[in-house]
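Working notes, beginning with the structure itself.
The values are calculated or read from the model by the stated rules, or taken from the named source; none is laboratory data. Every value quoted in this text rests on a predicted model; they were computed, and no experiment measured them. Because the Cβ atoms are built from the backbone with ideal geometry, glycine has one as well, and the counts that use them run over all protein chains shown.
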Amino acid sequence: MNNPILQRLNADHKHIAKVMYCLRAQIKGFDDPDMEPNISQIMDILDFISTFPERWHHPVEDVVFRKLMEKNPPHPEQIRAVLREHEDLERITQELKTAFERVAMDIAVPIAHLYKTTTIYLSRQMLHLDAEESVLFPLVEDYLEEDDWADVEEEVDRVFGDPDDLAKQEYDHLLSSILNFDAHFSSTD
Ligand SMILES: [Fe+2]
Ligand SMILES: [Fe+2]
């Protein structure tokens with residue numbers, strides 16, 4: 001995977017997957033009487049996964065995958081489905097965030113239902129990452145040529161604007177703090 005944009009998308013996936021594992025570890029607390037879920041860690045995780053993909057990951061993938069569609073690749077239906085899924089994932093992430101905000105505010109929420117919803121959500125997110133890594137990214141690598149990448153880069157620059165975006169730095173810090181908390185949480189578990 002030589003292209004820097006594709007490398008960055010892959011690196012994003014590793015971070016998103018790690019944060020999903022943290023969420024999975026935290027929600028175990030709702031199903032295990034010996035474990036106390038840490039609501040503030042869960043809220044940090046939901047803040048990250050409701051913001052980072054929507055602002056800095058999906059928009060880049062959308063540009064790359066739309067360019068791929070112009071090249072008449074195989075599996076066009078699957079590519080379109082992945083593109084549509086970005087909107088669905090963003091919507092269900094917001095719904096999950098709202099549900100956990102209610103837990104954080106001590107509003108009665110059916111926990112067993114929330115646990116199940118979160119588990120389904122995690123599988124859906126992981127399947128999405130898997131589909132992109134196993135089908136779409138390899139197609140992108142095969143079908144996009146130098147000129148296509150130049151177009152993609154130009155459009156991505158427009159999407160991203162200032163590379164020193166302060167909000168982006170804030171979310172990089174949030175990612176580190178989520179992963180550091182989890183490392184500590186796992187080592188004391
Ligand atoms: Fe995606
Ligand atoms: Fe992705």
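Among residues of segment 83-96 that are among the polar types (S, T, N, Q), those with a Cβ under 9 angstrom from a residue that is part of a helix (DSSP H, G or I) and more than 11 Å from ligand 1 (Cβ to nearest atom), sequence gap 6+ or separate chain, pair up as Thr93/Leu46; Thr93/Ile49; Thr93/Ser50; Thr93/Tyr121; Gln94/Ser50. Of the residues that make up segment 31-44, is at least one outside any loop (DSSP other than H, G, I, E, B), in contact with a helix residue (DSSP H, G or I) (Cβ under 7 Å, 6 or more places away or on another chain) and within 15 Å of ligand 1 (Cβ to nearest atom)? Within segment 31-44, not a single residue is outside any loop (DSSP other than H, G, I, E, B), in contact with a helix residue (DSSP H, G or I) (Cβ under 7 Å, 6 or more places away or on another chain) and within 15 Å of ligand 1 (Cβ to nearest atom). So, of the residues in segment 112-140 that are away from ligand 1 (no atom under 16 Å from the Cβ) and not aliphatic (A, V, I, L, M), which turns out to be surrounded by the most Cβ atoms within 10 Å (Cβ to Cβ)? Per the criteria, the residue is Thr118.
Quick one: is Glu101 in contact (Cβ under 8 Å) with a residue 40 or more places away in the chain and under 24 Å from Asp32 (Cβ atoms)? It is true that Glu101 is in contact (Cβ under 8 Å) with a residue 40 or more places away in the chain and under 24 Å from Asp32 (Cβ atoms). The residue that is surrounded by the fewest Cβ atoms within 10 Å (Cβ to Cβ), counting only those in segment 50-83 that are within 11 Å of ligand 1 (Cβ to nearest atom), modelled with pLDDT of 95 or more and charged (D, E, K, R), is Asp62.
Criterion applied to Leu89, Leu46, Leu9 was being over 30 Å from Glu146 (Cβ atoms), within 13 Å of ligand 2 (Cβ to nearest atom) and within 12 Å of the chain's Cα centre (by Cα), and the one residue passing it is Leu89.
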